[in-house]
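Asker: First the structure, then my questions, so here it is.
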Amino acid sequence: MKVAVTFPIPEAAKVLLDEMFECRVWESDVPIPQDTLASWLAEVQGVLTTLTCPLGEEVLTGAQNLKVISTVSVGVDHIDIDFAKRQGIALGHTPGVLTDSTADLAVGLMLAVGRRMAEGDALVRAGAWSDGWKPNLLLGTDLSGSTVGLIGMGPIGQAVAKRLKGFGCHVLAWNRTPREVAGVEFTDLETLLSNADIVSLHTALTDDTRGMISRERLGLMKDQAMLINTARGGIVDEVALVEALATGRLRAGLDVYAEEPLPLDSVFRSLPGCVLLPHVGSATERTRRAMFELALANLVAGMQDEPLPAAL
Ligand code: GLV
């Protein structure tokens, strides 16, 4: 049976795949062109992929033998799920195993923005730290004791809440379907946005959440409040966010963007008050290993017409 791998796969995973399937691997860091992908998919029973590879109706239409799509990501907004399901294709992703790493990074961004870590690092490296300790050097804001609003209370939102309790934060939360989480106060979106010192996003990108943090909703946030996004860029109206950052009204810690990689001419790169990371929420050795293991298990199960360990 044949498998297509749409990205340069780590050697250890490739060895395992080769033992079981005839594999075709896209070896370049430039994303696989859609027409190449379509022609590969026409010939395989399984595909191992990542979030950089859109799998829409156009490439899936000709994938007549495809039994399983396994993505090395928890997010599945790059896949036309409805169409794949109509085609009878099983879908696997990697929830759970990246929860802690992503929650750690979200809290890390809260600290990095609040305590101006990137600015401090740049100052020291530039040799511009000339006066030693100063009473007013790089004054920031505390995470301890702040009010943090979490939008989306799935496993990652809950893991962030757990960490924030250790910082003595007052945690507000909003979730599409109401939940009860000890020590967390659930509110409507508007109340959350207008009361939080920090707003952190933990929802999936879907038709319902695209653009959810709109200009109007950003306008509800307190002056100097901080937006943390380790979810998906498309959830936020980035044009409105850029404006709010440019005037210094809001601050932000961003790991994700509507367009990735962030274009070289993106205004984000020149804005004050924000820390920018290159989509590394799950990027630890341990978590990435676990993601690959789960994605391979999904792929193998799908190829054998068995239930996927982490099906969508
Ligand atoms: C990362 O963004 C993922 O969806 O796994």
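The values are calculated or read from the model by the stated rules, or taken from the named source; none is laboratory data. The model shown is predicted, which means the values in this text are computed figures rather than measured ones. Positions of Cβ are generated from backbone atoms using ideal geometry, with glycine treated the same way; all protein chains shown enter the neighbour counts. Ligands, DNA and RNA are stripped out before the accessible areas are found, and what is left, the full protein with its side chains, is counted by its heavy atoms. Shrake-Rupley method; radii C 1.70, N 1.55, O 1.52, S 1.80 Å.
Asker: Would you please put 115-127, 295-307 in order of how densely packed they are, using the mean number of other Cβ atoms within 10 angstrom per residue and starting with the highest?
Answerer: The densest-packed peptide leads the list: 295-307, 115-127.
Asker: Excluding L220 itself, what net charge comes from residues whose Cβ is under 14 Å from its Cβ, given Lys and Arg +1 and Asp and Glu -1?
Answerer: Taking every Cβ under 14 Å from that of L220, the sum is -2.
Asker: Quick one: which of 209-222, 16-29 comes out on top by average Cβ neighbours within 10 Å, and what's the full order, highest first?
Answerer: Descending mean neighbour count gives 209-222, 16-29.
Asker: Moving on. Place +1 on the Cβ of every Lys and Arg and -1 on the Cβ of every Asp and Glu in the chain, take the dipole about the Cα centre, and give the residue among I79, N65, L41 whose Cα lies farthest towards its positive end.
Answerer: So the residue furthest toward the plus end is I79.
Asker: Another one. How large is the direction-averaged shadow of the alpha-carbon convex hull of segment 192-238, in nm²?
Answerer: 3.0
Asker: Here's something else I'd like to know. Would you please report the Å³ per residue occupied by the convex hull of the alpha carbon atoms in segment 1-142?
Answerer: Spread over its residues, the Cα hull of segment 1-142 gives 165 Å³ apiece.
Asker: So which aspartates and glutamates can K134 reach, going by Cα to Cα under 19 Å and dropping same-chain residues fewer than 8 places off?
Answerer: Those aspartates and glutamates meeting the cut-off are E119, D121, D142.
Asker: Rounded, prolate or oblate: pick one for segment 171-302, where a ≥ b ≥ c are the square roots of the eigenvalues of its C-alpha gyration tensor, a/c under 1.5 means rounded, and failing that, prolate if a/b is larger than b/c, else oblate.
Answerer: Because a/c hits 1.5 or more and a/b fails to exceed b/c, segment 171-302 counts as oblate.
Asker: Classify segment 1-40: rounded, prolate or oblate, from the alpha-carbon gyration tensor (a ≥ b ≥ c, eigenvalue square roots; a/c under 1.5 rounded; otherwise prolate if a/b is larger than b/c)?
Answerer: Here segment 1-40 falls in the oblate category.
Asker: Run through every distinct alpha carbon pair of the chain and return the Kirkwood hydrodynamic radius in angstroms, one decimal place.
Answerer: About 20.9 Å, per the Kirkwood formula over Cα pairs.
Asker: Ignoring ligands, DNA and RNA, what percent of the 1.4 Å accessible area of segment 99-276 is carbon and sulfur?
Answerer: 53
Asker: Now for a separate question. Give me the net charge for the shell around R115: Cβ to Cβ below 15 angstrom, other residues only, Lys and Arg +1, Asp and Glu -1.
Answerer: Combined, the nearby Lys, Arg, Asp and Glu give -2.
Asker: Size of the dipole of the chain about the Cα centre, Lys and Arg at +1 and Asp and Glu at -1 on the beta carbon, nothing else charged, in debye to 20?
Answerer: It works out to roughly 860 debye.
Asker: Arranged from highest to lowest average of other beta-carbon atoms within 10 Å per residue, in what order do the peptides 266-274, 239-247 appear?
Answerer: Result, highest mean Cβ count within 10 Å first: 239-247, 266-274.
Asker: Something else: How far apart, in nm, are the 7 Å Cα→Cβ label points at E22 and I81?
Answerer: 3.3
Asker: Next up: In the neighborhood of G273, defined by Cβ-to-Cβ distances under 11 Å, what is the net charge if each Lys or Arg adds +1 and each Asp or Glu adds -1?
Answerer: Result for the local shell: +2.
Asker: How many percent of DSSP beta bridges within the chain run antiparallel, rounded to 5?
Answerer: Antiparallel: roughly 0 percent of the beta bridges in the chain.
Asker: May I ask you to list the aspartates and glutamates whose Cα is less than 12 Å away from that of K222, ignoring any residue fewer than eight positions away on the same chain?
Answerer: Straight-distance partners of K222: E190, D197.
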